[in-house]
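Below is one structure, written out as structure tokens; the observations come after it.
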Amino acid sequence: MKKSVRKAVIAGNWKMNNARPQTKALIEELKPLVKDAACDVVVCVPFTNLETAVELCKGSNIKVGAQNCHWAKSGAFTAEISADMLTEMGVEYVIIGHSERRQYFGETNVTVNQRVRAALDAGLKVILCVGELLEEREQGITEEICGLQTKIALAGVSKDELKNIIIAYEPVWAIGTGKTATADQADEVNGYIRSVVEKLYGHEAAEGLTIQYGGSMNAGNCDELLAKEHVDGGLIGGASLKAKDFSVIVAAASK
Ligand code: PGA
């Protein structure tokens with residue numbers, strides 16, 4: 001396996017945090033701190049901050065992402081946002097299938113797949129989240145769950161389109177809990193997900209796929225996690241809200 005063939009991506013998932021003034025302040029603080037990054041840097045902000053973020057990040061190495069999109073191009077879907085609406089604004093990335101969407105908003109593997117398809121069709125890069133619940137890990141079915149989520153989410157995605165997919169392995173029990181998976185646990189599941197992708201798309205495609213880890217990654221534990229063969233970056237929640245902490249993670253992924 002050649003980690004060097006893959007581009008590390010550090011993405012901040014701001015979740016439902018920061019109104020426009022805080023968005024401006026955080027991005028302005030972040031810009032000089034990450035300007036020499038050797039990895040890709042993305043901030044996934046609330047819909048209402050996208051325009052502000054896109055404007056502020058112009059001419060910098062920070063890319064902007066949304067945290068979800070709908071599967072239809074347009075229509076009677078009150079409060080939803082389509083993938084085309086995002087690309088029109090200059091948004092480049094979108095998180096799909098985050099466990100909070102699955103847990104609190106009825107997102108299923110099938111709707112995750114539909115959203116992935118719509119995002120790819122619109123030209124967005126997708127950060128596809130998969131991960132097991134604590135009880136699933138305890139039952140010893142982590143691989144089955146992550147494999148299933150990956151396979152269903154990628155249904156109908158071609159080998160060429162896979163280049164616009166990043167997978168984020170996020171064990172649900174590690175999200176926002178301060179409980180990080182050990183570096184070995186992250187590497188093991190990321191490696192398993194890569195083997196699932198290899199069966200679907202072949203060796204080369206799987207080798208080239210960026211697979212992040214997410215779940216309480218922070219300035220203190222990022223070095224160990226990012227040093228692992230199959231951990232090609234991170235999806236960062238809490239620690240992405242502090243410019244300094246986020247930039248330490250970006251620096252660790254740039255090594
Ligand atoms: P966390 O969130 O870093 O706060 O655990 C990660 C995520 O939910 O993407």
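Read-outs throughout are calculated quantities, based only on the coordinates presented, and are distinct from any laboratory measurement. Note that the structure is predicted; figures quoted are calculated from it, not measured. All Cβ positions, glycine included, derive from the backbone under ideal geometry; neighbour counts span all protein chains shown.
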Check your understanding: How large is the convex hull of the Cα atoms of region 110-183 per residue, expressed in Å³ as a whole number?
Key -> 107 Å³
Check your understanding: When N is the residue count of region 120-249, what does its C-alpha Rg come to as a fraction of 2.2 N^0.38 Å?
Key -> 1.03
Check your understanding: In vacuo Debye scattering of the chain, one point per C-alpha: log10 I(q)/I(0) at q = 0.07, 0.11, 0.14 Å⁻¹?
Key -> -0.20, -0.52, -0.88
Check your understanding: Got a sec? How would Met16, Met89 order by Cβ neighbour count within 10 Å, fewest to most?
Key -> Met16, Met89
Check your understanding: For Gln139 and Asn17 in the same chain, what is the full-extension length gain: residue separation times 0.36 nm, less their Cα-Cα distance, in nm?
Key -> 40.5 nm
Exercise for review: List the lysines whose Cα lies under 24 Å from the Cα of Lys244, skipping any in the same chain that are fewer than 8 positions away.
Suggested key: Lys7, Lys15, Lys24, Lys31, Lys35, Lys58, Lys63, Lys179, Lys228, Lys255
Exercise for review: Consider all pairwise Cα distances in region 143-213 and report the whole-number % of them above 16 Å.
Suggested key: 46 percent
Check your understanding: When the dipole is taken about the Cα centre of region 169-215, and only Lys, Arg (+1) and Asp, Glu (-1) are charged at their Cβ, what size is it in debye, to the nearest 20?
Key -> 180 debye
Point to revise | Residues Val110 and Glu198, FRET efficiency given R0 of 25 Å [Cβ-Cβ distance, rounded to 0.05] | key: 0.60
Check your understanding: So how far, in whole Å, is the C-alpha centre of region 176-200 from the one of region 1-46?
Key -> 22 Å
Practice item. Tell me the label-point distance for the pair Glu28, Lys73, using the 7 Å Cα-to-Cβ offset, in nm and rounded to one decimal. Key: 4.1 nm
Review point. Using the count of nearby Cβ atoms within 10 Å as a rough guide to exposure, how do Val54, Val126, Val197 rank from fewest to most?
Key: Val54, Val197, Val126
Review point. Once a ≥ b ≥ c are taken as the square roots of the eigenvalues of the Cα gyration tensor of region 1-129, is the result rounded (a/c under 1.5), prolate (a/b larger than b/c) or oblate (a/b not larger than b/c)?
Key: oblate
Practice item. Report the charge-dipole magnitude of the chain in Debye, nearest 20, computed about the Cα centre from +1 at each Lys and Arg Cβ and -1 at each Asp and Glu Cβ. Key: 560 debye
Revision key, fill the gap. Of all C-alpha pairs within region 8-48, those more than 12 angstrom apart amount in percent to 62 percent
